[in-house]
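This report refers to the structure that appears directly beneath it.
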Amino acid sequence: MSSNLPRLLVLTSSDFNLHTSGGIALTRFFGDWPKKRLASVCRDAANPDNYRQPNVYLLNREVGLIEPFASARRILSLLRANPAAEGEAVADSHPVAVASSLAERALAYLGGEALYSRGKLSPELMAWLDRFGPEVLFTDASDLSFIRLANQILDRYRIPLVVETYDDWPSGRYSGGLLSGHFDRDLKRGYVRLFNRASRRFVVGDAMKRAYERRYGMPFGILATPVEMGDHKPETASQNQGAAFTIVYAGAVYDHSQRESLVDVVRAVQDLADGGLPTRFRILTPERFVGTIQGDVASFGCVKVEVSPASDAIYSALSSADLLVIPVNFDRESYRTVRYSVPGKVALYLSSGRPVLVYGPSWAPIVDYVRSRGCAAVVDRRDGLAETISDLASDESKREHLAARGLEVARREHDADVVRRRLQRMFRDVLAPTDPSFAEGRG
C-alpha cells in the first residue's frame with residue numbers, strides 16, 4: 001500500500017544516516033517509504049552520499065547568521081583572507097584581525113546563538129520544492145531557523161503539518177545577550193504558531209506529553225524511538241561467565257545530562273573492584289566526548305573509554321556486557337535540561353537482550369519509564385549504587401528477568417516495523433482523516 005502514501009517533505013537539522021541518533025531515527029521512521037515520494041531538507045549531512053541525492057536539499061543561505069551581521073562577517077573574512085592570498089600572514093594585531101575579533105565579541109554580547117536564527121525560503125529552495133510537490137510536512141522544529149522555515153513552507157504550500165520534538169529546548173534557549181529577549185519571544189510565538197497549525201504533534205514520553213498539553217492546551221501523541229529488532233540476535237543474560245563482570249555505557253557525555261552521574265558509576269565500579277569483585281566498565285562514546293570523560297576518570301583503573309563503534313556494530317558491543325547502565329545527573333541545571341527527555345538509547349539497550357540499570361533522580365522521565373514497565377533496575381539516590389551493582393552481579397536470575405522484560409518492552413513499543421506501520425497509517429489519515437487517535441494524543 002506504499003503507493004498511496006503522501007509525498008512527504010522532511011525538514012530536520014540532520015539528514016538520513018546511520019551515524020547520528022537523529023539520522024538513525026529518521027532512517028528507521030521512513031526506511032521503507034517510496035523514494036520518489038520522500039524528500040529531505042536538512043542542514044547537517046553526516047552521510048556524504050546525500051550531497052548527490054536529488055531528493056535531498058542541503059540548507060546553506062536559508063539558515064545561519066541573520067542580516068546585517070552575516071554580510072559584515074563575510075566582508076571581514078574576505079579582508080582578512082586577502083593579504084594571506086598574497087603571501088602575507090595576518091597577525092593578531094592587524095587592523096582586520098582586530099576588527100574580526102571585536103565583531104565576534106559584539107555578536108556574543110548582542111545575542112550569541114540567537115543571532116544564528118535566519119530561516120528564509122530562498123528562490124533555489126522554492127524551485128526545488130516546486131519540483132517535488134510536497135503533500136505533507138514533517139519537522140522536528142529543532143531551532144528558530146527551522147521554525148521560521150516550516151511556517152514559510154506552510155504559508156506557500158498550504159499542506160498538513162506533523163511536528164515532533166525530543167526535548168524542551170525552547171525553555172531558556174536564548175538568554176544572556178542584549179537582544180536575546182526579542183529572539184526568545186519570537187521563538188515562542190513561532191513555536192506556538194507551528195503547534196497550532198499542526199495536524200499531529202508528538203513528543204517522546206509521558207512526562208513531556210503531560211507538560212506540553214498543560215502548557216499549550218492542545219493534544220500531543222508519543223512517538224517511540226524505533227529499533228530494528230531483526231538487525232541482531234539478543235544474547236542470554238549471562239555473557240561473560242568466569243571473566244570480570246562487565247558494565248557498558250554507550251552514548252554521549254554532556255555536562256548537564258549524564259556526565260557527573262557517569263563518573264559516579266565509575267567510582268562505584270572501582271569500589272567494587274577494590275573490594276575484590278572482578279568488575280570492569282567500558283564507556284563507548286562519540287570521539288568528541290572521549291577527551292573530556294578520559295580526564296574525569298583517568299585515576300580509575302577499572303574503566304576503559306573507547307570511541308563508539310559504527311551503528312551496525314553497536315549491538316555486538318552491547319551484547320558483550322553483563323549489565324548496561326543509563327546515568328542521569330541529579331543537579332538543578334540538568335533538571336532544566338533533561339526534565340522531559342527519554343534517552344533514545346533506552347530502546348537500543350532494551351532490544352539488546354541485556355539487563356539494564358538506570359541511575360538517576362526520581363524526577364527523570366527515564367526512571368519513571370523503566371520503573372512503570374519493570375524493565376530495568378533503578379537507583380534513584382546518590383548512595384546505594386555499588387550495592388545494587390553487586391547484587392545484580394551475584395543474582396543471575398534477576399539479570400535474566402530484567403533482560404527478558406526489557407526485550408518484551410522493546411518488541412511491543414519500539415519495533416521499527418510496528419512504528420513504521422503506525423506512522424504510515426497516521427500520514428495517510430492526515431490527508432484523509434478517519435482515525436482521531438493521533439490527533440487526540442493517544443497515538
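The values are calculated or read from the model by the stated rules, or taken from the named source; none is laboratory data. Since the structure is predicted, the reported quantities are computational estimates derived from the model, not experimental observations. Positions of Cβ are generated from backbone atoms using ideal geometry, with glycine treated the same way; all protein chains shown enter the neighbour counts.
Before moving on, here are some points about what is shown:
- Which numbered condition Leu385 fails, given (1) at pLDDT 95 or above; (2) of a type outside the set (D, E, K, R); (3) surrounded by fewer than 17 Cβ atoms within 10 Å (Cβ to Cβ): (3)
- Within segment 360-376, the residues that satisfy the criterion of being buried (at least 20 other Cβ atoms within 10 Å of the Cβ), free of Cβ contacts under 8 Å to residues at least 40 places away in the same chain and within 16 Å of Ser261 (Cα to Cα) are Ala364, Val367.
- Within segment 7-20, the set of residues being modelled with pLDDT of 95 or more and crowded, with 20+ Cβ neighbours inside 10 Å comprises Leu8, Leu9, Val10, Leu11.
- Qualifying residue in segment 113-122 (condition: of a type in the set (A, V, I, L, M, F, W, C), assigned to a loop (DSSP other than H, G, I, E, B), at pLDDT 95 or above and under 28 Å from Val430 (Cα atoms)): no
- Evaluation of Lys345 against (1) modelled with pLDDT of 95 or more; (2) under 13 Å from Val204 (Cβ atoms) (one fails), failing number: (1)
- For the residues Ala207, Ala237, Ala198, the requirement of being at pLDDT below 75 and crowded, with 19+ Cβ neighbours inside 10 Å singles out Ala237.
- For the condition without any contact (Cβ under 8 Å) to a residue 60 or more places away in the chain and under 30 Å from Phe16 (Cα atoms), Pro309 qualifies.
- Candidates Arg73, Arg80, Arg61, filtered to the one that is modelled with pLDDT of 80 or more and more than 23 Å from the chain's Cα centre (by Cα): Arg61
- Comparison of Gly242, Gly230, Gly190 shows that the only residue that is over 27 Å from Thr292 (Cβ atoms), modelled with pLDDT under 95 and crowded, with 20+ Cβ neighbours inside 10 Å is Gly190.
- Tabulated pairs, segment 322-337, first touching a residue at least 12 places away in the same chain (Cβ under 8 Å), second assigned to a loop (DSSP other than H, G, I, E, B) and of a type in the set (Val, Ile, Thr), C-beta under 9 angstrom, 6+ apart or interchain: Ser334/Val328
- Any chance Val370 is within 24 Å of the chain's Cα centre (by Cα), among the β-branched types (Val, Ile, Thr), assigned to a helix (DSSP H, G or I) and over 14 Å from Leu357 (Cα atoms): no
- Counting only strands (runs of 3 or more DSSP E) that sit wholly inside segment 278-357, those with at least 2 residues that are within 28 Å of Phe29 (Cα to Cα) and in contact with a Leu (Cβ under 6 Å, 6 or more places away or on another chain) are 323-327.
- Index of the failed condition, Trp363 passing every other in (1) over 16 Å from Arg405 (Cα atoms); (2) of a type outside the set (Asp, Glu); (3) assigned to a loop (DSSP other than H, G, I, E, B); (4) more than 22 Å from the chain's Cα centre (by Cα): (4)
- Qualifying residue in segment 394-407 (condition: under 21 Å from Ile24 (Cβ atoms), outside any loop (DSSP other than H, G, I, E, B), within 24 Å of the chain's Cα centre (by Cα) and not assigned by TED's automatic domain parsing to the domain that holds Thr27): yes
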